[in-house]
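Heads up: the structure comes next, in structure tokens.
The values are calculated or read from the model by the stated rules, or taken from the named source; none is laboratory data. Please read all numbers here as calculations on a predicted model, not as lab measurements. Neighbour counts are summed over all protein chains in view; Cβ atoms, including those assigned to glycine, are modelled from backbone coordinates with ideal geometry. What goes into the accessible areas is simple: the full protein's heavy atoms, side chains included, and nothing from ligands, DNA or RNA. Shrake-Rupley method; radii C 1.70, N 1.55, O 1.52, S 1.80 Å.
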Amino acid sequence: DTGVSQDPRHKITKRGQNVTFRCDPISEHNRLYWYRQTLGQGPEFLTYFQNEAQLEKSRLLSDRFSAERPKGSFSTLEIQRTEQGDSAMYLCASSRQRNQPQHFGDGTRLSIL
Amino acid sequence: EDQVTQSPEALRLQEGESSSLNCSYTVSGLRGLFWYRQDPGKGPEFLFTLYSAGEEKEKERLKATLTKKESFLHITAPKPEDSATYLCAVQAEGQETSGSRLTFGEGTQLTVNP
């Protein structure tokens, strides 16, 4: 296993800009998850894919957020018209089965100026 | 709604001073309870999964236990390299479309002084 890979590691952008993050899961893991973590808090669930199907979305995922997982491999998370409150660490995780451990990448830290 | 509460928020120990971290949970049917370690600027690193009350798992100086209402992470003779934030998370039973998310607590920040 090469681990979950996320890119970029850091993103600084101006309020109102669009940003896109990429996640490459562990190979052969067909489940992929996105979480958001702010300082001093635990990760909060955003959305979940099984293969290419997006099966669950949190209420936190406003209509400015969109996630895709074409062909069931890597995933992208896009935030449109970024706001100050979007500043956070965006974490991606993958797992082989539903009740097996989710393995996390090191995240993308988003800072909104 | 699933809830996870961790205590204490922060814990300072001297090297070799054993202690326990607590994770209390409320969930509509537990599928699994997960412990993670998180270092600053990194993603959570998986430690243990517990599936049923009475289950115990051990790894080096760490031991995790589970009851119907809470889990403990026991740290025996900790070393400075054990300093990190320890996160507890639960996964609830449910349909494929609703039973996959992890609900995390806010974590316990552990500092082990030499």
Using unit Cβ charges (K, R positive; D, E negative) and no other charged atoms, how large, in debye to the nearest 20, is the dipole of chain B about its Cα centre? 100 debye
Per residue of A:100-107, count partner chain C-beta atoms within 10 Å of its C-beta, then hand back the mean as an integer. 6
Counting only the heavy atoms of the protein chains, how much of A:H103 is accessible to a 1.4 Å probe, in Å² to the nearest 10? 70 Å²
Taking the alpha-carbon centroid of each part, what is the distance from segment B:56-86 to segment B:1-34 in angstrom? 9 Å
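How high is the relative contact order of segment A:1-68? Use alpha-carbon pairs under 8 Å, at least six apart in sequence, and give a whole percent. Don't skip to the answer; put the middle values down first.
Values: 75 pairs, mean separation 14.1, N = 68.
The value is 21 percent.
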Taking every alpha carbon pair in segment B:1-84, what does the distance histogram look like in 10 angstrom bins from 0, in percent? 16, 50, 30, 4
Would you mind calculating the relative contact order of segment B:1-87 from Cα pairs under 8 angstrom and at least 6 residues apart, reporting the percent as a whole number? 32 percent
Could you give me the radius of gyration and the Dmax of chain A, taking only the C-alpha atoms into account and expressing both in angstrom? 13.2, 39
Mind checking A:48-57 for the average number of partner chain beta-carbons within 10 Å of each residue's beta-carbon? 3
Peptide-level mean, for B:69-75, of C-beta atoms on other protein chains within 10 Å: 0
Pick from A:R98, A:R36, A:R15 the residue whose mean-square fluctuation is largest in a GNM of chain A, springs joining Cα atoms under 10 Å. A:R98
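Given that compact globular proteins tend to follow 2.2 N^0.38 Å, what is the ratio of the alpha-carbon Rg of the protein assembly as shown to that value?
Compared with the compact-globule rule of thumb, the protein assembly as shown sits at 1.01.
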In a GNM of chain A with a 10 Å cut-off on Cα contacts, which of A:Q41, A:Q97, A:Q84 has the highest mean-square fluctuation? A:Q41
What figure, in Å² to the nearest 10, do you get for the accessible area of A:C23 with a 1.4 Å probe and non-protein molecules left out? 0 Å²
Taking the Cβ of B:D39 as the centre, find all other residues whose Cβ is under 12 Å away and add up their charges (Lys, Arg: +1; Asp, Glu: -1). -2
12 Å beta-carbon shell around B:G16, net charge (K/R +1, D/E -1): -1
Calculated FRET value between A:R98 and A:N18, using beta carbons and R₀ = 30 Å, to 0.05: 0.40
Among B:Q38, B:Q91, B:Q14, which one moves the most in a GNM of chain B with springs linking Cα atoms closer than 10 Å? B:Q14
